[in-house]
């Protein structure tokens, strides 16, 4: 299997995932789409914070502050 075959399989997989997501979104109500978009934005923020040194330090400092 060459690199070209690997790339073709990878792009077919991504295309299939995109089609599945589009199909799921087409069956959602507008409210469900809004919630899904908010969840996506929250996951992006969480991922960004995990990569940031300052955010991880702040998380360590704030650990336990919200617990009663």
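Derivation of every value follows stated rules applied to the coordinates shown; laboratory data play no part. This one's a predicted model, so the numbers in the text were calculated from it and none came from an experiment. Every residue, glycine as well, gets a Cβ built from its backbone with ideal geometry; the counts of neighbours run over all protein chains shown.
Rg of the Cα atoms in the stretch 3-62, relative to 2.2 N^0.38 Å, amounts to 1.67. When 3, 48 are sorted by how many other C-beta atoms sit within 10 angstrom of their C-beta, beginning with the fewest, the order is 3, 48.
What does the helix-only formula give at 222 nm for the chain: each DSSP H stretch with n ≥ 4 adding -39500 (n - 2.57), the total divided by the residues, and the result rounded to the nearest 500 deg cm²/dmol?
-28000 deg cm²/dmol
The angle between the Cα long axis of helix 53-62 and the longest principal axis of the Cα atoms of the chain comes to about 50 degrees, rounded to the nearest 10. The label point for residue 54 and the one for residue 18, both projected 7 Å from the Cα toward the Cβ, are 3.5 nm apart.
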